[in-house]
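The block underneath contains the structure these notes are about, expressed in structure tokens.
The values are calculated or read from the model by the stated rules, or taken from the named source; none is laboratory data. The shown structure was predicted, so the numbers you read here are calculated from the model rather than taken from an experiment. Here the Cβ positions follow ideal geometry from the backbone for every residue, glycine too, while neighbour counts run over all protein chains shown.
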Amino acid sequence: MSLIQEYLRNETRRQFLGRGKNVLGYAALTSLLGPRLAALADSATADQAIEAALPSHFAPKAKRVLYLHMVGGPSQLDLFDYKPGLRDWYDKDLPDSIRNGQRLTTMTSGQKRFPIAPTKFKFSPVGENGLWMNTELLPHTAKCVGDMAFIRSMHTEAINHEPAICAMQTGNQVTGRPCLGSWVSYGLGSLNRNLPTFVVLVAEPTNKEQIQAISARLWSSGFLSGEHAGVSFRSNGEPILYINNPPGVTPDLRRTQLNGLKALNELTYGSVGDPETHTRIQQYEMAFRMQASVPELTNIAGEPDSTYALYGEEARKPGTFAYTALLSRRLLERGTRFVQVYLNNWDHHGNAAGRLPAQCKDVDQATYGLINDLKQRGLLEDTLIIWGGEFGRTVYSQGGLTHENYGRDHHPRCFTMWMAGGGIKGGTVYGETDEFSYNIVKDPVHVRDFHATILHLLGMNHERFTFKRQGLDMRLTGVEPTKIIKDLLA
């Protein structure tokens, strides 16, 4: 018996009916969209037709997302959560009543004492509401607080990087679930048929003292179709390996090859019925269209000098965060639905005073430039920008402590993230922590609440936004009680 015959004989009733429902669904969708789909003859009209056909539960405030993930966990105490009273606590032990038996990482669990380390950096009030933040390291970002909403009461259960990043990206500490970008791709689809719906960029930090491992499972589509996985663009050299035709292969010849390959894959699908076969067909077609769209996208030579006045001269150097920010803008304005950027080396167990300035210099002007560039182009109002890490840092020092230097361990009980654009109420601060930035005292925000709010801004009801898997209605926010943070919404 051939493998195909064996597969067909063993196919379950559920698989058969599942394939049947897709046929009925596509037939119904075609009858509903009729005239819109007929407009797909030319690519410009096609993009408009795609957008017009996409469903949502209610009118969205945001159409696209830019997620800037600072890998390692930025210190809320040194950047956004100002605690001036800690100066009087320098080198005193954190009270047991504050730590309250919280579990520790293996990096500090053996310490005999937990000496408090106030920030050494300068904070100032900025914006109309006098929001306090680090203006010494983030002077450019401080100019944008009128567009930003700060959540000072984020929290998570995960205390180590891998499960914490996984939880922040997928809603679950266990790997194998679809990430946020994949859920958005699945729910809202493409805005440009010639570019991926979900793109991942990994920027290179100037300082590389403590790089955390990140891998493609963070932008995996999990149990969703493979077409919803993030497409990773390289920071240097060819943005996507092997996308260009080899010497001697013309576009016409490549088109002929793909037509033949598509016919073979369609025969396979007709025999086996594996939906991933159609995903493969779509990926080949996307790669063919990207051969024309990606070179134009990544060619920044035509950007005027005013662009680099905004983003900084580092934006001319491939691989830098500033270059990645500029490339993100180019992706967003061309219709990429979700752009995920990772910047490593925020894991400040030691030498915070030496490493934080370099990290902040990497992101400061580029972030300012990105926000203002999107605003000038009329894109900020419907582009949601997210900035933050997987957890925060401890108020007590890991290792040696001086007035001029210290280290901070992982701290999942409270940390700060910010959002801007896309329906966010600028100049807002939500949530409060205690005098040690150790515990939340007002308006806690779990990762689930954060995800629910993002989906809400995109026009999706997180409770209705599901995917049927193994008899369960799976969703990004899981089944535990979850709330939308309405105070953040414009």
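From the residues in segment 381-412 that are within 20 Å of K425 (Cβ to Cβ) and either of a type in the set (A, V, I, L, M) or not assigned by TED's automatic domain parsing to the domain that holds H140 (or both), which one is surrounded by the fewest Cβ atoms within 10 Å (Cβ to Cβ)? Residue satisfying both the conditions and the ranking: I386.
When restricted to residues that are β-branched (V, I, T) and more than 14 Å from the chain's Cα centre (by Cα), segment 317-335 contains 1. Being buried (at least 17 other Cβ atoms within 10 Å of the Cβ) and either in contact with a strand residue (DSSP E or B) (Cβ under 8 Å, 6 or more places away or on another chain) or not in a helix (DSSP H, G or I) (or both) is true of Y323. Within segment 163-177, identify whether any single residue is farther than 16 Å from G222 by Cα and either modelled with pLDDT of 95 or more or acidic (D, E) (or both), and answer yes or no. The answer is yes, given that some residue of segment 163-177 is farther than 16 Å from G222 by Cα and either modelled with pLDDT of 95 or more or acidic (D, E) (or both). Here the condition is being at pLDDT 95 or above and touching a helix residue (DSSP H, G or I) at 6+ places or on another chain (Cβ under 6 Å); of L384, L331, L327, it holds for L384 alone. Checked against the criteria, G176 does not count as without any contact (Cβ under 8 Å) to a residue 40 or more places away in the chain and surrounded by fewer than 17 Cβ atoms within 10 Å (Cβ to Cβ). Of the strands (runs of 3 or more DSSP E) contained entirely in segment 385-468, those carrying at least 2 residues that are out of contact with any Phe, Trp or Tyr (no Cβ under 9 Å at 6 or more places or on another chain) fall at 440-442.
Here's the yes/no breakdown for (1) among the aromatic types (F, W, Y); (2) under 20 Å from I371 (Cα atoms); (3) surrounded by fewer than 19 Cβ atoms within 10 Å (Cβ to Cβ); (4) out of contact with any helix residue (DSSP H, G or I) (no Cβ under 6 Å at 6 or more places or on another chain):
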position: L86; (1), (2), (3), (4): no, no, yes, yes
position: Q102; (1), (2), (3), (4): no, no, yes, yes
position: T106; (1), (2), (3), (4): no, no, yes, yes
position: Q111; (1), (2), (3), (4): no, no, yes, yes
position: A117; (1), (2), (3), (4): no, no, no, yes
position: N129; (1), (2), (3), (4): no, yes, yes, yes
position: N134; (1), (2), (3), (4): no, yes, no, no
position: L138; (1), (2), (3), (4): no, yes, no, no
position: A142; (1), (2), (3), (4): no, yes, no, yes
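If you check V363, V341, which single one turns out to be within 20 Å of S235 (Cβ to Cβ), in contact (Cβ under 8 Å) with a residue 12 or more places away in the chain and buried (at least 24 other Cβ atoms within 10 Å of the Cβ)? Residue meeting the stated conditions: V363. In the set E227, E209, E157, E162, only one residue is among the acidic types (D, E), under 15 Å from F391 (Cα atoms), over 17 Å from the mean Cα position of the chain (by Cα) and in the same structural domain as L472 (by TED's automatic domain parsing); that residue is E157.
Among the residues of segment 359-398, those that are over 16 Å from the mean Cα position of the chain (by Cα) and within 30 Å of T108 (Cα to Cα) comprise Q359, C360, K361, D362, G392, R393, T394, V395, Y396, S397, Q398. Take G378 and tell me if it is assigned by TED's automatic domain parsing to the domain that holds H456 and in contact (Cβ under 8 Å) with a residue 40 or more places away in the chain. Considered against the rule, which asks whether it is assigned by TED's automatic domain parsing to the domain that holds H456 and in contact (Cβ under 8 Å) with a residue 40 or more places away in the chain, G378 comes out as no.
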